[in-house]
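Each value in this text was obtained by applying a stated rule to the coordinates, not by laboratory testing. Not measured: the values here are computed from a predicted model. Counting neighbours? That spans all protein chains shown, and the Cβs are built from the backbone with ideal geometry, glycine included.
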Amino acid sequence: MFATMLDQNSQGKGHAEEVVRRVVDYGFCQLNLNKITLDVMGFNKKAVHIYQKVGFEVEGKKIQEYYIKGNYYDSLAKGLLREKYENGSD
């Protein structure tokens, strides 16, 4: 499990995408995984976009999965197969 959090001054420079790509590379190349899955809060548009750029696809939606400051939020279940990643995910 991992999470990416960046200082506001570091956002928008591709750092989070680089971290995600390195973790995915490690999972497929070093751990020999066939699939990597994740959950992302649906309202986190920047994270959703980064995962999409890397090649993750939405596989489902979890209704009211997170409870934050008095409100419930949905999450998106995403997955990426090794074959898709190796054949170019962009």
Spin-label model distance (nm) - VAL19 vs LYS53, 7 Å beyond Cα toward Cβ = 1.4 nm
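Mind ranking 25-32, 75-82 by how tightly packed they are, going by the mean number of other C-beta atoms within 10 angstrom, highest first? Provide the component values of the computation, followed by the final result.
Values: 25-32: 11.8, 75-82: 18.5.
Peptide ranking by packing, descending: 75-82, 25-32.
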Residue-wise HN-Hα coupling along region 66-82, computed from phi with Karplus coefficients 6.51, -1.76, 1.60 (Hz; x: Gly, Pro) = 10, 10, 10, 6, x, 10, 9, 9, 7, 10, 10, 8, 10, x, 9, 8, 3
Express in nm, to one decimal, how much length is gained between ASN32 and ILE68 on full extension, taking 0.36 nm for each residue of separation and deducting their alpha carbon distance.
-> 9.4 nm
Could you line up ILE68, ILE50 from fewest to most neighbouring Cβ atoms inside 10 Å?
-> ILE68, ILE50
Can you list the lysines whose alpha carbon is less than 20 Å from that of LYS62, not counting same-chain residues fewer than 8 positions off?
-> LYS35, LYS45, LYS46, LYS78
